[in-house]
Structure formats: structure tokens, C-alpha cells
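Enquirer: Before I ask anything, let me first share the structure, which is written out below as C-alpha cells.
The values are calculated or read from the model by the stated rules, or taken from the named source; none is laboratory data. In this text, all values refer to a predicted model and were calculated from it rather than measured experimentally. In this analysis, Cβ positions are derived from the backbone assuming ideal geometry, glycine residues included, and neighbour counts consider all displayed protein chains. Areas reflect the complete protein model, heavy atoms only, side chains present, ligands, DNA and RNA absent. Shrake-Rupley method; radii C 1.70, N 1.55, O 1.52, S 1.80 Å.
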Amino acid sequence: IAIDNQGLNLVTGSSDGTLRLWSRLSFQATTLLAGHEDLITALGFSANGDVVATASQDTSIRLWDSGTAETIQVLRGHDTFVKCLAFSPDGQWLASGTGDRHEVAQETGKRTKLKSEIRIWTAKQGEFFTVFQHHSRYLTDMAFSPDSRFLAVASGDKTCSIWNVEEESLVATLTLDG
């Protein structure tokens with residue numbers, strides 16, 4: 001579930017791959033969105049509320065116009081499902097993070113664990129900008145700093161990485177207890 005910054009609308013995702021936009025004023029579903037081929041795993045509103053980003057186990061990310069309910073763009077590039085999304089407060093970036101990733105050798109069938117992926121996209125054009133690989137386990141959440149310069153990413157490996165997005169660099173890795 002996600003609520004826009006104005007608190008007027010919310011969006012929910014379902015296991016059948018559909019989404020519903022709801023009015024907070026009436027608490028009624030105003031629009032049904034369909035397009036994903038599998039269950040919804042993450043969603044969020046852009047800072048101004050004009051765009052809804054949704055991710056699915058079908059490995060795609062969809063950008064929707066929240067006013068018209070039309071698909072703006074489908075983003076592809078992850079090789080496993082997207083587990084978390086975040087828009088930057090300035091509206092420039094969309095970050096997406098994956099669940100656990102594996103590679104299977106064709107000759108032997110052996111599975112090799114890969115690092116989880118953080119992809120950065122331009123939010124308005126939906127163009128791929130960069131990818132970060134650091135965590136050994138699935139990603140659980142992500143958030144941009146208020147000035148949109150830094151992205152914090154939490155992982156099932158019990159760490160949180162801090163990235164400078166524009167410089168495409170890892171700033172710090174925090175070890176989380178528990």
C-alpha cells in the first residue's frame with residue numbers, strides 16, 4: 001500500500017497483479033489498474049503524486065499516470081522480482097531493489113548466489129541510469145534522503161548501504177543488529 005504526499009489517494013496491490021486507486025475522501029476504489037502478469041511486490045507514488053510506480057514478481061516495473069490510470073512506461077532489466085521501490089523527493093530518480101538472485105549453470109545445473117541489485121532510473125523518462133550490487137541477500141526497503149542525493153537500502157543480510165546516487169558510489173555500510 002502507498003499513500004500520496006498530499007494524503008488524498010492511496011494505491012493497493014493484489015496477488016492477481018491488479019492495483020486499485022482509492023480516494024481517501026470517500027474510501028472507495030476509484031480505478032482498477034491491470035497490466036502485471038503476477039502478484040504486486042512493491043508500489044509507491046512520486047513526490048507530486050502524478051505517477052504511481054508498481055513492481056511485480058513478473059520482474060517488471062510499471063509507471064502509471066495516477067490521473068488517467070494509463071501505463072506511462074514499462075521498465076525492464078531486473079532478472080528477478082523487484083521487492084522495493086522509492087522515488088526521490090525531487091522527482092528525478094526512481095530506485096528499485098530485488099529479492100534474492102541466482103544464476104544457474106547450463107552445463108551442470110549448479111545454482112550460484114548473486115548479489116541483489118539496486119537499479120536507478122530517471123523518474124520522468126524511465127531510462128536506466130545505473131546499477132549497484134552490494135548486498136548478499138534480498139533487499140527489504142529503501143529511501144532517499146530529503147535532498148535526493150543519497151539512497152539508503154536495507155537488506156536481509158543485516159546491513160544498510162548508503163549510496164551517493166549521482167556519484168554512483170557507496171558511502172557507507174551500516175551493520176544492523178538483530
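Enquirer: So how strong a dipole does the stretch 96-178 carry about its Cα centre when Lys and Arg Cβ are +1 and Asp and Glu Cβ are -1, to the nearest 20 debye?
Expert: 280 debye
Enquirer: Separate question: Amide H of residue 75: which non-local residues (sequence gap of 5 or more, or other chain) have their own amide H closer than 5 Å, using H built in the peptide plane?
Expert: 61, 62, 63
Enquirer: Continuing with this model, one more query. Restricting to DSSP loop positions (anything but H, G, I, E, B) with no more than 13 other Cβ atoms inside 10 Å of their own Cβ, which GluC sites (Glu not before Pro) remain in the stretch 51-147?
Expert: Sparse-neighbourhood loop GluC sites (Glu not before Pro): 70, 107, 127.
Enquirer: Follow-up question, since we're still on this one. Please turn the phi angles of the stretch 31-39 into ³J(HN,Hα) values with the Karplus equation 6.51 cos²θ - 1.76 cosθ + 1.60 (θ = phi - 60°), one per residue in order, whole Hz, x for glycine and proline.
Expert: Values, residue by residue: 8, 9, 10, 10, x, 6, 9, 8, 4 Hz.
Enquirer: Checking a compactness column here: for the stretch 106-178, what do you get for Rg(Cα) / (2.2 N^0.38 Å), N being the number of residues?
Expert: The reported ratio for this selection is 1.26.
Enquirer: A follow-up question, please. Can you give the translational diffusion coefficient of the stretch 114-155 in µm²/s, computed by Stokes-Einstein from the Kirkwood radius over Cα pairs at 37 °C and 0.692 mPa s?
Expert: Value of D from the Cα-based Kirkwood radius: 291 µm²/s.
Enquirer: Leaving ligands and nucleic acids out of the surface, order 83, 115, 110 by accessible area at 1.4 Å, largest first.
Expert: 110, 115, 83
Enquirer: Out of residues 5 or more away from residue 24 or on other chains, whose amide H comes under 5 Å of its own, with H placed 1.01 Å from N in the peptide plane?
Expert: Here 9, 10 satisfy the definition.
Enquirer: Still on this structure, please answer the following. What's the Cα-based Rg to Rh of the stretch 8-64, Rh via Kirkwood?
Expert: Taking Rh as the inverse mean 1/r over Cα pairs, Rg/Rh reads 0.96.
Enquirer: Also, I was wondering about something else. Report the charge-dipole magnitude of the chain in Debye, nearest 20, computed about the Cα centre from +1 at each Lys and Arg Cβ and -1 at each Asp and Glu Cβ.
Expert: Once rounded to the nearest 20, the dipole reads 360 debye.
Enquirer: Can you work out the Karplus-derived ³J(HN,Hα) for every residue in the stretch 128-137? Use 6.51 cos²θ - 1.76 cosθ + 1.60 with θ = phi - 60°, whole Hz, and x for glycine or proline.
Expert: 5, 10, 7, 10, 10, 10, 8, 7, 8, 10
Enquirer: Same structure, new question: With all protein chains present, how much of the accessible area of the chain (probe radius 1.4 Å) comes from carbon and sulfur, to the nearest whole percent?
Expert: 48 percent
Enquirer: Further question: Counting only heavy atoms of the protein chains, get the accessible area per residue of the stretch 1-131 (1.4 Å probe) and round it to a whole Å² value.
Expert: 50 Å²
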